[in-house]
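Take a look at the structure set out below.
The values are calculated or read from the model by the stated rules, or taken from the named source; none is laboratory data. All values derive from a computational prediction rather than experimental measurement. Quick reminder, even Gly has a Cβ in these numbers, built from the backbone with ideal geometry, and neighbours come from all protein chains shown.
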Amino acid sequence: MGDFGGGGLDAGGAVREFRPMPEGKAVQSMFAGIAGRYDLANRVLSGGLDLHWRRVLVQKVAACRPKRVADLATGSGDVAFALKKKLGPAVTVEGYDFCQPMLDEANRKKATDPLLAAIPFAFGDCLALPMETASVDVITIAFGLRNLEQRDRGLKEMRRVLRPGGRLFVLEFTQPERWFRPFYYVYLKTILPLIARGLTGDKAAYDYLAGSIEAFPTKQSLTEELCNAGFSEVRAQGLSASIVAIHEGVA
């Protein structure tokens, strides 16, 4: 699961070789504790930018004209809901997460809309996805890749379930543009955790967020990881001074 509109599959943080990845159970427990205030915190802490990032992601998916889409690290379901609204009833949209309280939130929210009620939300570990090989047209994962315990293994598993020519879209935090970094990291390390504590009662979860973002690879490095996992035509688009980026690759 991930912050700002995603959930998380399997485990932990990610990244540089010198920084160990958190254990999956610890991440799972942490996000379970904030599930009820998760959406509010994401909206406030991102200044509403999460809505824009999600719209760009959904537009990219829609351009692929998929028949079956799997949203991994679905969290409380916001990406899956946006996909379903855009793609319509003829397209199958599924959501997977490894944190049951987050799935409970997604199921609660979908009950208010007949179109969204068709989305199945289920337990899913990104290291062992409950889907057949070459069965999915598009996979999305928003703010969850950072939380995988073994990111290389997770990427290969995503490629396994994608049909040949299918596409993976990763919406994730990245290293911002150089001019913006001093301001961004002051906010990320000092202001954001304090606001988060007021909203969720759990400052530690957002201290983790700051650390995992700082440790996450650059766009170039993650592009290389996607290529190493077997994806082709890999490209990345930075958004909002490259606070986040959308990576895509073809299976």
Residues of segment 58-78 that turn out to be in contact with a Leu (Cβ under 7 Å, 6 or more places away or on another chain), crowded, with 24+ Cβ neighbours inside 10 Å and in a helix (DSSP H, G or I), as a count
1
Considering segment 163-174, residues that are under 22 Å from the mean Cα position of the chain (by Cα) and surrounded by fewer than 21 Cβ atoms within 10 Å (Cβ to Cβ), and then whichever is farthest from Ala73 (Cα to Cα), we arrive at Gly165
Note on Thr140: of the conditions (1) assigned to a strand (DSSP E or B); (2) surrounded by fewer than 23 Cβ atoms within 10 Å (Cβ to Cβ); (3) not hydrophobic (A, V, I, L, M, F, W, C), unmet is (2)
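Could you tell me which residue of segment 210-226 is modelled with the lowest pLDDT, considering only residues that are touching a helix residue (DSSP H, G or I) at 6+ places or on another chain (Cβ under 6 Å) and part of a helix (DSSP H, G or I)?
Here is the first cut: in segment 210-226, the residues touching a helix residue (DSSP H, G or I) at 6+ places or on another chain (Cβ under 6 Å) are 210, 212, 216.
From the residues that got through so far, the ones that are part of a helix (DSSP H, G or I) too are 210, 212.
On the way: Ala210: 71, Ser212: 75.
Filtering first and then ranking leaves Ala210.
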Being surrounded by fewer than 22 Cβ atoms within 10 Å (Cβ to Cβ) and not in a strand (DSSP E or B) is the filter here, so list the residues in segment 227-250 that pass it.
Cys227, Asn228, Ala229, Gly230, Ser240, Ala241, Ser242, Ile243
All but one of (1) out of contact with any Ser or Thr (no Cβ under 8 Å at 6 or more places or on another chain); (2) closer than 17 Å to Glu172 by Cα hold for Val79; which doesn't?
(1)
Please name all residue pairs, on different chains or six or more residues apart, with Cβ atoms under 8 Å, provided the first residue is in segment 64-75 and is closer than 20 Å to Glu105 by Cβ and the second residue is modelled with pLDDT under 95 and hydroxyl-bearing (Ser, Thr, Tyr).
Gly75/Tyr38
Only one residue in Glu94, Glu149 is of a type outside the set (Ser, Thr, Tyr), at pLDDT below 95, out of contact with any Lys or Arg (no Cβ under 6 Å at 6 or more places or on another chain) and outside any helix (DSSP H, G or I). Which one?
Glu149
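Look at Asn107 and say whether it is of a type in the set (S, T, N, Q), assigned to a helix (DSSP H, G or I), at pLDDT below 90 and surrounded by 14 or more Cβ atoms within 10 Å (Cβ to Cβ). Walk me through how you get there before you give the answer.
Numbers: of a type in the set (S, T, N, Q): yes; assigned to a helix (DSSP H, G or I): yes; at pLDDT below 90: no; surrounded by 14 or more Cβ atoms within 10 Å (Cβ to Cβ): yes.
No; evaluated as a whole, the condition is false for this residue.
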